[in-house]
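Let me begin by presenting the structure, written as structure tokens, before commenting on it.
The values are calculated or read from the model by the stated rules, or taken from the named source; none is laboratory data. Only a predicted model underlies this, so the values are computations on that prediction, with no experimental measurement involved. Glycine gets a Cβ as well: all are built from the backbone with ideal geometry, and neighbour counts include every protein chain shown.
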Amino acid sequence: MDEPEWRNHAIREDEVTIRIKKHGQMLTDARMIADEAQWNDLSDDRSPQQVVNTASLPGIVGDAWAMADWHYGYGFPIGGVVATDIEAGELGGSISPGGVGFDINCGVRLLSIDLPKPEGSNLKEMARRLFNAVPAGASSKGGWDLKKHQMDQILSRGAEAAVDLGLGNDKDLEAIESNGLLESEERNVSERAIERGMKALGTLGSGNHFLEVQVVDKIVDPKAAKSFGLVEGGLTAMIHTGSRGLGHQVCSEHVEAIESKYQKDGDTWHAESWGHRLPDRQLAAAPIHSKEGEAYLDAMHAAGNYAFANRSALTERLRRTMRKFSGGDTEVNLIYDVSHNIAKIEDHRVHGVSCRCCVHRKGATRALGGDHPELASRFSGVGQPVLVPGDMGTASWVLAGPKSGSNQAFASSCHGAGRRLSRKAARETINGEKLITDLQSKGIEVRARTPRVIAEEAPNAYKDVDDVIRLTSQAGLARPVARLTPIAVIKG
């Protein structure tokens, strides 16, 4: 088999960065966070090729990026970050549903719990109660049954609407990315998407989604940890989920609408009406000010608002459960909530020039500097909390954005450990029942609705999260604050 062309243009820029120089249809260079060991372990060439492909998006500015947890995805690699100039050309730079993903505004929120670490039978009881209280799995069973006007409010007002329904606290809003609200004027969401979301609010979903209770086992940056409300030995909870079937439906419909504009033309895909030419149909993108681009942006915002509300509703379930478990008024405080499948309109400087950009982050997290006006005052001079789930047998991390200013990757960071085995490969090589026993011997209680999920989400299926954090830090994208180890895991 011939070597892929990108290999002839890949150079090591520094210890943790590979630069793939512009060639072929690329409009910019591409940069991948990887040290020599990770690069030499490259067993699947598809992810670098995907990063190369994203560098051909019309209107792209700066470099196309792949964060340290990069792996293969739909069109874009997971961990991909690409910015386009929204004023490029007659209709603006492009926006690509593949650069956001099917689970729109999948994200993570972290909470502190004012309880001592439970052990033995108390830990098992806590895990049992959470498993019974938190609906998980592929179906929407157990979600709040919304009325049509309530759904409309959630699509337009996000987390604030959840608070009005008693599914969150007012003070939570300042600790949510974009304050839990993405502007959606039309709420251009189909009836089928609304139908899929009506009964799913407050549910985890399946796959890599989870609710996890953790212990802060190491503080690396005491000042930032104090600002975030983290103490060594303290109890935390992490919730990882998104917009459920509603977001998937929104993405599917807009992928179909935008991909239909592209026709195969030799080795490329061509959208004649926009003059777009792309190497992969899964990258299909519309000019952001076109009818299709504006419709997708509005619907994506509405689905993103649903995801913010969904994590708020799950937080309320967690709060109620922990209070019943403790028999008292246990404090469960929101530290932060981040999105990692979203496109945001942001201001950046690219090569010394100001740009109003559409920043696609697919499996990547914002890492704002401590002087950014969107952040609450308690993060001033510290930076935004960056939440990085690892795997259910090892650890997760809290990082921080720069103390001021922005990093070179459009204020972006990694979002997790990153898969190293496909789900199929994990199922074929990992014994789920043995894994549960092994985790219990380490003091980790695991509960799952679907047994096969245990093997698919095994620690061995993921990269070493500590390595991913090290690479992210060395690349200057975000700095480590605290390491969290799991004690109870609820999965679909």
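Worth a mention:
- Lone unmet requirement of (1) in contact with a strand residue (DSSP E or B) (Cβ under 8 Å, 6 or more places away or on another chain); (2) on the phi < 0 side of the Ramachandran plot; (3) in a loop (DSSP other than H, G, I, E, B); (4) crowded, with 19+ Cβ neighbours inside 10 Å for F410: (2)
- From K226, K218, K261, residue being among the basic types (K, R) and assigned to a helix (DSSP H, G or I): K226
- Boolean, T365 is modelled with pLDDT under 95, under 22 Å from L111 (Cα atoms) and not hydrophobic (A, V, I, L, M, F, W, C): no
- Pairs with Cβ under 6 Å, 6+ apart, first in the range 141-167 and on the phi > 0 side of the Ramachandran plot, second surrounded by fewer than 20 Cβ atoms within 10 Å (Cβ to Cβ) and of a type in the set (A, V, I, L, M): G158/L181
- One residue from R317, R323, R311 being of a type in the set (K, R), more than 21 Å from the chain's Cα centre (by Cα) and closer than 30 Å to V189 by Cα: R317
Okay, residues lined up against (1) in contact with a strand residue (DSSP E or B) (Cβ under 6 Å, 6 or more places away or on another chain); (2) hydrophobic (A, V, I, L, M, F, W, C); (3) at negative phi:
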{"residue": "R7", "(1), (2), (3)": "no, no, yes"}
{"residue": "D14", "(1), (2), (3)": "no, no, yes"}
{"residue": "I18", "(1), (2), (3)": "yes, yes, yes"}
{"residue": "K22", "(1), (2), (3)": "no, no, yes"}
{"residue": "T28", "(1), (2), (3)": "yes, no, yes"}
{"residue": "R46", "(1), (2), (3)": "no, no, yes"}
{"residue": "V51", "(1), (2), (3)": "yes, yes, yes"}
{"residue": "P58", "(1), (2), (3)": "yes, no, yes"}
{"residue": "D63", "(1), (2), (3)": "yes, no, yes"}
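- Scan the range 347-382 for residues that are in a strand (DSSP E or B), surrounded by 19 or more Cβ atoms within 10 Å (Cβ to Cβ) and touching a Lys or Arg at 6+ places or on another chain (Cβ under 9 Å) and the total you get is 7.
- When Q38, Q49, Q25 are screened for being surrounded by fewer than 22 Cβ atoms within 10 Å (Cβ to Cβ), modelled with pLDDT of 95 or more and not in a loop (DSSP other than H, G, I, E, B), only Q49 passes.
- Checked against (1) of a type outside the set (A, V, I, L, M); (2) out of contact with any Cys (no Cβ under 7 Å at 6 or more places or on another chain); (3) within 27 Å of G137 (Cα to Cα), D298 meets all criteria but (3).
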